[in-house]
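**Q** After the structure tokens below, expect a handful of questions from me.
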Amino acid sequence: MAEQFIHETCARQGIERGQLTIHADRGSAMTSTPVAFLLADLGVTKTHSRPHISNDNPLSEAQFKTLKYRPAFPARFGSIQDARAHCHAFFPWYNTEHHHSGFGLLTPADVHHGVAEERVAARATVLAAAHAAHPERFPAGRPHPPAHPGEVWINPPKRPLPSPASSAPLPPSSPLAHAAAFA
């Protein structure tokens, strides 16, 4: 199942060799030989959580915290079908409506689909108009929207990244990859 999901997702998203890193737990599906061979064939880098470390993937941890602390999250699910139904509603909201502070108050879909700069520019226009109409409401001066981070890392590299002039540009990050299985 994991093998089919990964293969279909890479094809659907147009992910090229060397563009994607999958960070996963050490469950049997993600450590299996067929998945390892598939990832190698697709040119996908695989990393795993450190054993006995519950917060090794801060982006996933943040996502699960958002899931658990939403008002609609029940104290207990009545069945696996209830849990699945809840997640089928949650993940589209999380990816397309929930504005993430780590993404400059953009949605994962904005970043994934390449419209982040457009959204930031539109916000800047609205804020400039509000400031022009009522400067007294802005004692600190003209407001600016949060900047879109150029990159979002789970674990930033310890070495300096190559400059764009000296190598090909890095592929864009995709915050949707983790939750795509539930959407």
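The values are calculated or read from the model by the stated rules, or taken from the named source; none is laboratory data. Since the structure is predicted, the reported quantities are computational estimates derived from the model, not experimental observations. Heads up, the Cβs are rebuilt from the backbone with ideal geometry, glycines too, and the neighbour counts pull from every protein chain shown.
**Q** Taking into account only those residues within region 102-119 that are touching a residue at least 40 places away in the same chain (Cβ under 8 Å) and part of a helix (DSSP H, G or I), which is nearest to the chain's Cα centre (by Cα)?
**A** Ranking the candidates gives PRO108 first.
**Q** While we're looking at this one, here's another question. Restricting attention to region 84-101, which residues are in contact (Cβ under 8 Å) with a residue 24 or more places away in the chain and either at positive phi or outside any helix (DSSP H, G or I) (or both)?
**A** Hits for region 84-101 are HIS98, HIS100.
**Q** Being surrounded by 11 or more Cβ atoms within 10 Å (Cβ to Cβ), among the aliphatic types (A, V, I, L, M) and within 28 Å of THR45 (Cα to Cα): is that true of ALA85 here?
**A** no
**Q** I'm checking my understanding of the structure. Among residues of region 1-25 that are among the β-branched types (Val, Ile, Thr) and closer than 11 Å to LEU39 by Cβ, which one is surrounded by the fewest Cβ atoms within 10 Å (Cβ to Cβ)?
**A** THR21
**Q** Quick one: in region 64-113, of everything that is closer than 25 Å to GLY150 by Cβ and among the polar types (S, T, N, Q), which residue is modelled with the highest pLDDT?
**A** Going through the qualifying residues, I end up with THR96.
**Q** Which residue is farthest from ASP110 (Cα to Cα), if the candidates are limited to region 120-148 and must be touching a residue at least 12 places away in the same chain (Cβ under 8 Å) and part of a loop (DSSP other than H, G, I, E, B)?
**A** ARG142
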